[in-house]
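Visitor: Here it is: the structure, laid out below.
Just so it is clear, none of the values below were taken in a lab; they were calculated from the coordinates. Please read all numbers here as calculations on a predicted model, not as lab measurements. Positions of Cβ are backbone-derived with ideal geometry, glycine not excepted, and every protein chain shown enters the neighbour counts.
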Amino acid sequence: MMAKVKFASPIFLLLMLVMMPCFFPALGNDYVEDACSVTRYPDLCVRSLAPFSSTAKDSPSRWARAGVSVTIGEVKRVAKYLAAWKSKRYKNVLSDCVECFQETLDNLYKSLGVLRNLSPSEFSDQVGDVTTWLSAALTDEGTYLDGFEERDRGKRVASLVNRVNNATYVTSNALALVNKLATTGPGCLVND
Ligand SMILES: *[C@@H]1O[C@H](CO)[C@@H](O)[C@H](O)[C@H]1NC(C)=O
């Protein structure tokens, strides 16, 4: 039989859990579900961010970075799809779009750069900037479909709409993860 070691009272443990959430994360392996619970599209979040679970664990800043990385991948996918689309009908719309993507990607890369260099003393400014840039990216994505006729039932437009929607969903999720980071504060940045 195992010896009972009475080194801490339940109340003491409870206090530690409340006061030091960084050191006493959620138990078990549900890191990704836990992180994604704050997002608007949790199923997509879990699917797209599961590969980051073993490295991000319970770190809000790592989950925020993962969210932005996935968003960059998704926006690039839309850009690639459009770049490969040769169409006389949409020639002008397609060439306009090159610029709108560049702006979105700039905002996403700036966000990732700041999330990689978070410092406790600049935390609130940094997180504020990232929130602004991600919101701008979300707005940009809303303009991707401008110029493609709404009534067009073509397969390519339908496929484009799906991809663009997906990009907005993962961006929204990334923004939620950054908001979560903002509410957690800089206290959990140690060892990130
Ligand atoms: C949506 O984005 C996720 C994350 O990148 C990806 O895994 C999924 O295949 C995408 N779905 C569609 C319909 O584009």
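Visitor: Are there any pairs with C-beta distances below 7 angstrom linking a residue in region 48-63 that is under 13 Å from ASP34 (Cα atoms) and without any contact (Cβ under 8 Å) to a residue 60 or more places away in the chain to a residue that is among the charged types (D, E, K, R) and part of a helix (DSSP H, G or I), with the two at least 6 apart or on different chains, and if so which?
Guide: What qualifies is ALA56/ARG62.
Visitor: May I ask you to list pairs of residues, at least six apart or on different chains, whose Cβ atoms are under 7 Å apart, with the first in region 75-87 being closer than 18 Å to TYR169 by Cα and part of a helix (DSSP H, G or I) and the second being among the polar types (S, T, N, Q) and within 16 Å of the ligand (Cβ to nearest atom)?
Guide: From residues that are closer than 18 Å to TYR169 by Cα and part of a helix (DSSP H, G or I), the pairs are VAL75/THR104.
Visitor: Only one of ARG116, ARG65 is touching a helix residue (DSSP H, G or I) at 6+ places or on another chain (Cβ under 9 Å) and surrounded by fewer than 20 Cβ atoms within 10 Å (Cβ to Cβ). Can you tell me which?
Guide: On the way: ARG65 fails: surrounded by fewer than 20 Cβ atoms within 10 Å (Cβ to Cβ).
Only one candidate qualifies: ARG116.
Visitor: Sticking with this one: Under 6 Å between Cβ atoms, at least 6 apart or on separate chains: pull out the pairs that start in region 161-172 with a residue that is over 22 Å from GLU149 (Cα atoms) and end on any residue that is more than 10 Å from the ligand (Cβ to nearest atom).
Guide: THR171/ALA137; THR171/LEU138; SER172/ARG40
Visitor: Here's something else I'd like to know. Does GLY187 meet the test of being assigned to a helix (DSSP H, G or I), away from the ligand (no atom under 15 Å from the Cβ), under 23 Å from ARG40 (Cα atoms) and of a type in the set (Gly, Ala, Ser)? First the steps, then the outcome.
Guide: On the way: assigned to a helix (DSSP H, G or I): yes; away from the ligand (no atom under 15 Å from the Cβ): yes; under 23 Å from ARG40 (Cα atoms): no; of a type in the set (Gly, Ala, Ser): yes.
No; evaluated as a whole, the condition is false for this residue.
Visitor: Now for a separate question. Filter region 120-156 down to the residues that are buried (at least 18 other Cβ atoms within 10 Å of the Cβ) and of a type in the set (Val, Ile, Thr), then identify the one that is nearest to the ligand (Cβ to nearest atom).
Guide: VAL130
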